[in-house]
1. Restricting things to alpha carbons, find the Rg to Rh ratio for the range 75-196 using the Kirkwood radius for Rh.
2. Which lysines, if any, have their Cα less than 25 Å from the Cα of LYS101, not counting same-chain residues under 8 positions apart?
3. Please pull out the direction-averaged projected area of the range 87-136, using the convex hull of its alpha-carbon atoms, in nm² to one decimal place.
4. If you average 1/r over every pair of different alpha-carbon atoms in the range 172-221 and take one over that average, what Kirkwood value in Å do you get?
5. Kindly provide the helix-only [θ] at 222 nm of the chain, computed as the sum of -39,500 (n - 2.57) over DSSP H runs of four or more divided by all residues, to the nearest 500 deg cm²/dmol?
6. Using a 10 Å cut-off on Cβ atoms, rank the peptides 79-88, 192-201 from the highest mean neighbour count down.
7. In nm, to one decimal, how far is the MET105 label point from the GLN217 one, both placed 7 Å along Cα→Cβ?
8. Taking the alpha-carbon distance from LYS207 and a cut-off under 19 Å, which lysines remain once sequence neighbours fewer than 8 residues away in the same chain are dropped?
Amino acid sequence: MRKLNPAIFLMSCALAMGTACADDFSDGVSYYEQGDFDSALESFKAAAAKGNADAQFNLGLMFLNGEGVPQDYKQALRWFEQSASKDNVRAQVNIGRMYAKGKGMLSNHGVAATWFKKAADQGYADAQYSLGILYVTGTGVGRDYNKARTLFQQAANQSNASAQYQLGLLYLKGRGVTENLVEAYKWLSLAGDYEDSAVFRKYVAAKMSKEEVAEAQSLAQDWKPEKAAE
């Protein structure tokens, strides 16, 4: 179950919406962290009524997860859509996931791809990864390893471990890129313990010379992430 993260959601809505909005939203985060979901819900609703996109997103999460309210996918979608209309990338990704998984509606990967793209175009790593997966599987979009590789690369550059893992597999299999075991090992190393990264690293290493392994390890060690999109 995904939880709210005050480090992400404590934004400067005071500048855009006024001090009252900031107070409502901050109060909502504080109540949520204390486990007082009823009070958090009311505070977020007050901020959302004033147009705060982060409060609308948080309400969407609470209805999605059934925190302080009965789980209600229709209400979750309604709040996510209000937040997404203000270009909130997290709301856009969550709408995409709801359509992809058929939560509260029939599954529709084409619509999911549209929402993932909105957030991916704003540089949001989770959306880039999710859209990349659809291009790998050919679900809701035509299979396109080149587009998948570009999206995984963008997300991987922001330290997204799932994208780093997928990028490593593309280099291993030569899909969307020329097969390159050094690059495969590097990205699988950067993915850490994500999924079967360790298993694939061992598999790739067995196909490489000691010099190639050393080169890949050096590349991984020297790698620097790009600043993640907010």
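1. Across the range 75-196, the Cα-based Rg/Rh ratio is 1.02.
2. Within the straight-line limit of under 25 Å, LYS101 reaches these lysines: LYS3, LYS74, LYS86, LYS117, LYS118, LYS147.
3. On the way: hull surface 11.9 nm².
Result: a mean projected hull area of 3.0 nm².
4. Details: mean 1/r = 0.0934 Å⁻¹.
Averaging 1/r across every pair of different Cα atoms and inverting gives 10.7 Å.
5. The helix contribution divided over the chain gives -21000 deg cm²/dmol.
6. Result, highest mean Cβ count within 10 Å first: 79-88, 192-201.
7. Between MET105 and GLN217, the label points sit 4.9 nm apart.
8. LYS173, LYS186
Rule-based calculations on the coordinates, nothing more; no lab input. Remember, it's a predicted structure, so these values are computed and weren't measured experimentally. Cβ coordinates were reconstructed from backbone atoms using ideal geometry, including for glycine residues, and neighbour counts include every protein chain displayed.
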